[in-house]
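Below: the structure, in structure tokens.
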Protein chains: 2
Amino acid sequence: MKERTRLPDKKSKLTLADVARLSNVSEITVSRILRNKGPISDDTRERVMAVVNSTGYVPNRIAGSLASANSNIIGVAIPSLTNIVFPEVLRGIHEALKGTDFQPLVGITDYNLQTEEVLVRSLMAWKPAAMIVAGSEHTDATRRMLTQTGIRVAEIMDIDPAPIDIAVGMSHFRAGYDTGRHLVERGYRRFGYVGHDWLQDRRAKVRYEGLCQALKEAGLSIFAQTIFEGPSSVLAGSAMTELLLLGKDAIDVAVYSNDDMAIGGIFHCLGAGVKLREQLAIFGFNGLEIGDALPLKLSTIRSNRFLIGKIATEKILENLDRRFEPLVIDTGYEIISGQTA
Amino acid sequence: MKERTRLPDKKSKLTLADVARLSNVSEITVSRILRNKGPISDDTRERVMAVVNSTGYVPNRIAGSLASANSNIIGVAIPSLTNIVFPEVLRGIHEALKGTDFQPLVGITDYNLQTEEVLVRSLMAWKPAAMIVAGSEHTDATRRMLTQTGIRVAEIMDIDPAPIDIAVGMSHFRAGYDTGRHLVERGYRRFGYVGHDWLQDRRAKVRYEGLCQALKEAGLSIFAQTIFEGPSSVLAGSAMTELLLLGKDAIDVAVYSNDDMAIGGIFHCLGAGVKLREQLAIFGFNGLEIGDALPLKLSTIRSNRFLIGKIATEKILENLDRRFEPLVIDTGYEIISGQTA
DNA sequence: CTCTGAAATGTTAGCGCTGTCATTAAAATA
DNA sequence: TATTTTAATGACAGCGCTAACATTTCAGAG
């Protein structure tokens, strides 16, 4: 009695074969119709589509992927979702994927290279059509996986190091350097720095190094700095600014590791009655939309996060087979003078 | 000569069979070892794992899923990635998925029910182990797909309507209502409202309705309102506030559709010299972290976005088979008195 | 020693599709 | 009318893995 199929009966299990039977054609014909492949007579197409619609048949892409050896999945490994930066990258990826039938399979690394390795392995198990990972720092094993596979690999955000295949992003060193140059030109001399955990956000550290380089060339250096031992946040920026201003070294400008931290700095100044720019100038990084809406427009650098995700994905789709030559795309950045520095 | 395999030679194509051959065991034994299933002698396990490690074999989950009829994919359909709200939900989902071998397959609906239908169909094609969708408003076809499948379906954010299977979120009507009560109790009488596109963000509209209900019960109503015909943003909030204050109807408090808009309002007031609370009180919705860091702490309602994602996912994992009884989980909300109202 | 049963491993038959190569029907050419 | 070409469809094998059942091995019990 116990009519046991392999799958209990979770789903009603409508397959290609059912549709084929109901419309009196072979399975392959249904398959071709659903994938718009090969010549099909209008008559047959209509008949089959009628069955498809009336039954609500949804093709099983797992089976399809296995049979055709391509998955239309894009593996995405990003470090975090705690601020708006990577969601914007994701949005760019989704934007580029719109209208295609690729789907992103997303994982979070928590800025941890070990976690990234596990994640990348797990994403690769889905035999993705391509991979998008953040940064170019990876464990050896991760690097090996990404190198050996024949699929396209986009390393996003950073273009300073040499990429495995495609790099899309900006030079964080130059951004830091230009920040320094810009502020020196505007007459600032006594520099402070407010940062967050460099072990996590390595690109913030590179920007810092670029900044130091520019200051050095101008015969200057950073007088005082406070670094928060944790992820960036507005609250942390506020607290660290308070700490920085308590120090005995008077500074006239503070460079922040990013906009979240910088906005915290602005809020602290507003609350503590510190006059922005007159007493303390503030410079951020990212160019978040909110910086634009502040009573005093935030001085910062716009990184094109949405664009990074979008272009990386477009380049991948442009040619799904790995080329021999690596490809580096600089999405650039833009100094926003603003009103806080 | 032309040794054509089906797959060009994109990947070196190392399969279970290869590993089995190299370690002198059957495929199923390797399979069992890699899935920690069934009794395996230490000797065999070591031998096989040595081969796995030295070859860098990564199992093909597409094949595995097809064979075992379960994919360990969680389909996620969210409306947008333009502010931090849904990224936080995603973060909750990832948090709950950490340590399991489930992976989220994410898509964006752009607050469009038609897009959602296409997306849900496309996600379901991967035969996910469960689905997470935002809200409970769907097209008929979407609803049919989600109802007929035997997998678990979590509708998140909103618990006002009856769910298909699981609902995790809060009552937006009650939140709006409580906002009204709270502000009336604090003595405000002349209410303004600043909103954004209700056609997109339907939950904002429900909160508005709750607010109106509370005001009505107190014999009050909304004197003036400005609604931005687009997605919420800090800039829009700022602009709409300016517009609202230009009106002839003097108001003493403005309720905003969410924190992004409210923060824009605060920024406008700071810039225009409007004294917060004395001249205009501001009340938001969401309880974003940034509201805490403002010079004057934002008065708002905390919705537990991270928790919503996390709990929805946990409930799904708790039992992957659909129960007969729908499950509604109220993650609640909390009025944050703050300093702006 | 045989017997029993658990532990360890193997055999077989698919999962639901699609690539490859037929095959058939219809149209175009000779 | 015979022959080639093209359009439309089909048969069949197999993608890489796992469920279900089968078999072997080897303790310890009798």
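The values are calculated or read from the model by the stated rules, or taken from the named source; none is laboratory data. Given the structure is predicted, the values throughout are model-derived calculations rather than measurements. Glycine gets a Cβ as well: all are built from the backbone with ideal geometry, and neighbour counts include every protein chain shown.
Checked against (1) farther than 19 Å from A:Leu270 by Cα; (2) within 14 Å of chain A (Cβ to nearest Cβ), B:Leu270 meets all criteria but (1). What are the residue pairs meeting all of these: first residue in region B:44-70, first residue at the interface with another protein chain (Cβ under 7 Å from one of its Cβ atoms), second residue among the small types (Gly, Ala, Ser), Cβ atoms under 6 Å, and 6 or more apart or on different chains? Every condition considered, the pairs that remain are B:Val58/A:Ala125; B:Pro59/A:Ala125; B:Arg61/A:Ala125; B:Ile62/A:Ser65; B:Ser65/B:Ser71; B:Leu66/A:Ala63.
How many residues does region A:174-200 contain that are of a type outside the set (D, E, K, R), in a helix (DSSP H, G or I) and surrounded by 19 or more Cβ atoms within 10 Å (Cβ to Cβ)? Steps first, answer last, please.
Kept after step one, since they are of a type outside the set (D, E, K, R), are these residues of region A:174-200: A:175-177, A:179-180, A:182-184, A:187-188, A:191-196, A:198-200.
In the following step, the residues that additionally are in a helix (DSSP H, G or I) were identified as A:175-177, A:179-180, A:182-184.
Narrowing further to those that are surrounded by 19 or more Cβ atoms within 10 Å (Cβ to Cβ): A:175-177, A:179-180, A:183.
Qualifying residue count for the region: 6.
Among residues that are in contact (Cβ under 8 Å) with a residue 24 or more places away in the chain and either basic (Lys, Arg) or within 9 Å of DNA strand C (Cβ to nearest atom) (or both), B:Ser26 is not included. Every listed requirement among (1) within 14 Å of chain A (Cβ to nearest Cβ); (2) surrounded by 24 or more Cβ atoms within 10 Å (Cβ to Cβ) is met by B:Ser299 save one, (1).
Quick one: in region B:181-203, which of the residues that are of a type in the set (A, V, I, L, M, F, W, C) and modelled with pLDDT of 95 or more is nearest to B:Tyr256 (Cα to Cα)? Break it down into steps so the answer makes sense when it comes.
Here is the first cut: in region B:181-203, the residues of a type in the set (A, V, I, L, M, F, W, C) are B:183-184, B:191, B:194, B:198-199.
So of that shortlist, the ones also modelled with pLDDT of 95 or more come out as B:183-184, B:191, B:194.
Values: B:Leu183: 13, B:Val184: 15, B:Phe191: 11, B:Val194: 5 Å.
Residue satisfying both the conditions and the ranking: B:Val194.
Here are some conditions: (1) closer than 29 Å to A:Leu34 by Cβ; (2) without any contact (Cβ under 8 Å) to a residue 40 or more places away in the chain; (3) of a type in the set (Asp, Glu). B:Asp165 meets all but one. Which one does it not meet? Answer for B:Asp165: the failing condition is (2). Is it the case that A:Lys315 is among the basic types (Lys, Arg), more than 14 Å from chain B (Cβ to nearest Cβ) and assigned to a helix (DSSP H, G or I)? Taking the combined requirement at face value, the residue satisfies it. In the set (1) away from DNA strand D (no atom under 16 Å from the Cβ); (2) at the interface with chain B (Cβ under 10 Å from one of its Cβ atoms); (3) without any contact (Cβ under 8 Å) to a residue 60 or more places away in the chain; (4) in a helix (DSSP H, G or I), the condition left unmet by A:Val89 is number (3).
Under the condition of being within 13 Å of chain A (Cβ to nearest Cβ) and within 30 Å of the chain's Cα centre (by Cα), the residues counted in region B:231-257 number 11.
Scanning for something away from chain A (no Cβ under 14 Å), farther than 29 Å from B:Lys98 by Cβ, touching a Ser or Thr at 6+ places or on another chain (Cβ under 6 Å) and crowded, with 23+ Cβ neighbours inside 10 Å, does region B:258-266 turn up at least one residue? Give the derivation first.
Looking only at region B:258-266, we keep the residues that are away from chain A (no Cβ under 14 Å), and these are none.
There is no residue in region B:258-266 that is away from chain A (no Cβ under 14 Å), farther than 29 Å from B:Lys98 by Cβ, touching a Ser or Thr at 6+ places or on another chain (Cβ under 6 Å) and crowded, with 23+ Cβ neighbours inside 10 Å.
On the given criteria, is A:Leu105 within 13 Å of DNA strand D (Cβ to nearest atom), within 18 Å of B:Trp126 (Cβ to Cβ) and in contact with a Leu (Cβ under 8 Å, 6 or more places away or on another chain)? Taking the combined requirement at face value, the residue does not satisfy it. With the condition kept exactly as written, say whether any residue in region A:292-305 is of a type in the set (A, V, I, L, M, F, W, C) and under 18 Å from the mean Cα position of the chain (by Cα). Within region A:292-305, one or more residues are of a type in the set (A, V, I, L, M, F, W, C) and under 18 Å from the mean Cα position of the chain (by Cα).
Could you list, in sequence order, all residues of region B:15-38 that are within 8 Å of DNA strand D (Cβ to nearest atom) and either within 14 Å of chain A (Cβ to nearest Cβ) or modelled with pLDDT of 90 or more (or both)? Listed by number, the residues that qualify are B:Thr15, B:Leu16, B:Ala17, B:Asp18, B:Val19, B:Glu27, B:Ile28, B:Val30, B:Ser31, B:Arg32, B:Leu34, B:Arg35. Across region B:34-43, what is the number of residues that are within 12 Å of B:Val19 (Cβ to Cβ) and either surrounded by fewer than 16 Cβ atoms within 10 Å (Cβ to Cβ) or within 8 Å of DNA strand C (Cβ to nearest atom) (or both)? Of the residues in that region, 0 qualify. If you check A:Leu220, A:Leu276, A:Leu246 for being of a type in the set (A, V, I, L, M) and either under 22 Å from A:Ala175 (Cα atoms) or crowded, with 22+ Cβ neighbours inside 10 Å (or both), only one passes: A:Leu220. Checking each residue in region A:40-54 for being part of a loop (DSSP other than H, G, I, E, B) and either of a type in the set (S, T, N, Q) or modelled with pLDDT of 90 or more (or both) picks out only A:Ser41.
Which residues, taken from region A:107-163, are among the aliphatic types (A, V, I, L, M), in a helix (DSSP H, G or I) and within 14 Å of chain B (Cβ to nearest Cβ)? If you could, list the steps in order and put the result at the bottom.
We begin by selecting, within region A:107-163, every residue among the aliphatic types (A, V, I, L, M); these are A:108, A:113, A:118-120, A:123-125, A:129-134, A:141, A:145-146, A:151, A:153-154, A:156-157, A:159, A:162.
Next, from what is left, pick out any that are in a helix (DSSP H, G or I): A:113, A:118-120, A:123-124, A:141, A:145-146.
Selection gives A:Val118, A:Leu119, A:Val120, A:Leu123, A:Met124, A:Ala141, A:Met145, A:Leu146.
As a summary of the residue check, B:Ala77 satisfies the conditions (1) at the interface with another protein chain (Cβ under 9 Å from one of its Cβ atoms); (2) not hydroxyl-bearing (Ser, Thr, Tyr); (3) not in a loop (DSSP other than H, G, I, E, B) except for the one numbered (1).
Against the list (1) away from chain A (no Cβ under 14 Å); (2) assigned to a loop (DSSP other than H, G, I, E, B), the condition B:Gly99 fails is (1).
Being within 16 Å of DNA strand D (Cβ to nearest atom) and modelled with pLDDT of 95 or more is true of B:Ser65.
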